[in-house]
Amino acid sequence: MVKKTSMKDIAQDVGVSIALVSYVLNNQKENRISKEVAIKIREAARRLNYQPNQIAKSLKTNKTYTLGLIVADISNPFSSSLARIIENEADKFNYTVLFGSSDENPQRLQKLIDTLLNRQVDGLIIAAPEGSEAQLTALQQRIPFVLIDRYFPNLSTNYVALDNYKSIYTGVQHLVDSGYRRIGLISFATDLFHVSERKRGYRAALKDNQITISKAWINELGQATYTGEMAKSIQELLSGKQPVNAILFASNALALHGLKQLNALGVSVPDDVAVLSFDEAEAYDLFHTPVTCIRQPLADMGQMATRLLIDIIQKNNRTTQVNLDAELIIRASTRPVQTLATAD
């Protein structure tokens, strides 16, 4: 077994006291000692492959320099991209991030919270599932945390999220301006606030354009069953007395499966139906028509949430709540109706 290098080994190598080695390696001010001695100590530490005892350091500082991140599903492109951004941002401040997926389940969320607290993380970033308000209220007494992407308006918590109402409203207005007036919505059947805001924005945009909404235009699918329900949902929207000529998918997961089913059904986009997706994914590039999407500012969201949490950990700041703007990326899947008619 290879012996681990200690501060005593470094002290003997350089010919100084252990206290002086600790003084230098713990990044304290070196104005009391010569720069030459400090350089020798650091060079010896590198040469002898010295690794600090993080457990001992944590006991001394009461910090582990680790953060916990709980997302809905790490396999989802949105979640995985956000996790990478948070990991990179935390690294700038010498923090390590531990990950977990709640699978939109409050019980699994609680299990992850307990596990991360047992790992002595300094704070949490959470994409909270539906029905987790009580858990978050209790958590406020235990550890600093920041909600990301989702939040609960009745809870006074730190969060960084999107202005979902405004984002969807802008997207629907684009469809109306492009000549589409029978606009279908495929969303999730959930009371999560951010999803409800997307539905509210959809309804408001149509109402403000004097478009009467048909109940048949709105399909809400189960979060655990939407992949099997997607084909039927699309067929319903494209048939009946008022078939839609545009479909808005309320998430990238819905859009990915929706595009797959449109392709399988032989539906041409945008000739048969226009498509607008909330959020984007690299897989859209595989679809034959470039997809118009509402792009979330993932980099800003992840970086701001990370910096906010670290700031709270270090300074115990007051509650901060941020709603970011999205960007509408217009591509061929929502080509104006007049253009389509001309092409025909």
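At-a-glance table
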quantity	calculated
Number of the condition not met by Leu136 [criteria: (1) in contact with a strand residue (DSSP E or B) (Cβ under 6 Å, 6 or more places away or on another chain); (2) among the hydrophobic types (A, V, I, L, M, F, W, C); (3) under 30 Å from Asn94 (Cβ atoms)]	(1)
Residue list for the stretch 124-173, filter: of a type in the set (Phe, Trp, Tyr), part of a strand (DSSP E or B) and out of contact with any Lys or Arg (no Cβ under 9 Å at 6 or more places or on another chain)	Phe145
Some residue of the stretch 296-319 being assigned to a loop (DSSP other than H, G, I, E, B), crowded, with 22+ Cβ neighbours inside 10 Å and touching a residue at least 24 places away in the same chain (Cβ under 8 Å)	yes
Single match in Ala332, Ala253 (criterion: out of contact with any strand residue (DSSP E or B) (no Cβ under 6 Å at 6 or more places or on another chain) and surrounded by 20 or more Cβ atoms within 10 Å (Cβ to Cβ))	Ala253
Residue, surrounded by the fewest Cβ atoms within 10 Å (Cβ to Cβ), within the stretch 142-181, restricted to residues that are farther than 19 Å from Gly131 by Cα and of a type in the set (Lys, Arg)	Arg142
Residues (of a type in the set (Gly, Ala, Ser) and part of a loop (DSSP other than H, G, I, E, B)) located in the stretch 177-193	Ser178, Gly179, Ala189
Residue within the stretch 141-156 that is without any contact (Cβ under 8 Å) to a residue 40 or more places away in the chain and among the aromatic types (Phe, Trp, Tyr) present	no
Residues located in the stretch 259-275, provided they are of a type in the set (Asp, Glu) and under 10 Å from Arg335 (Cα atoms)	Asp271
Residue within the stretch 182-203 that is under 16 Å from Ser167 (Cα atoms), free of Cβ contacts under 8 Å to residues at least 12 places away in the same chain and either surrounded by fewer than 22 Cβ atoms within 10 Å (Cβ to Cβ) or over 22 Å from the mean Cα position of the chain (by Cα) (or both) present	yes
Subset tally (residues that are in contact (Cβ under 8 Å) with a residue 12 or more places away in the chain, closer than 20 Å to Leu175 by Cα and hydroxyl-bearing (Ser, Thr, Tyr)) for the stretch 204-232	1
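Per-residue answers, yes or no, for (1) more than 23 Å from Tyr165 (Cα to Cα); (2) part of a strand (DSSP E or B):
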position	(1), (2)
Leu206	no, no
Ile211	no, no
Lys232	yes, no
Leu276	no, yes
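The numbers here are math on the coordinates, done by the rules we state, and not lab data. Just so we're clear, the structure is a prediction, and the values are computed from it rather than from any experiment. For neighbour counting, all protein chains shown are included, and Cβ atoms are generated from backbone atoms with ideal geometry for every residue, glycine included.
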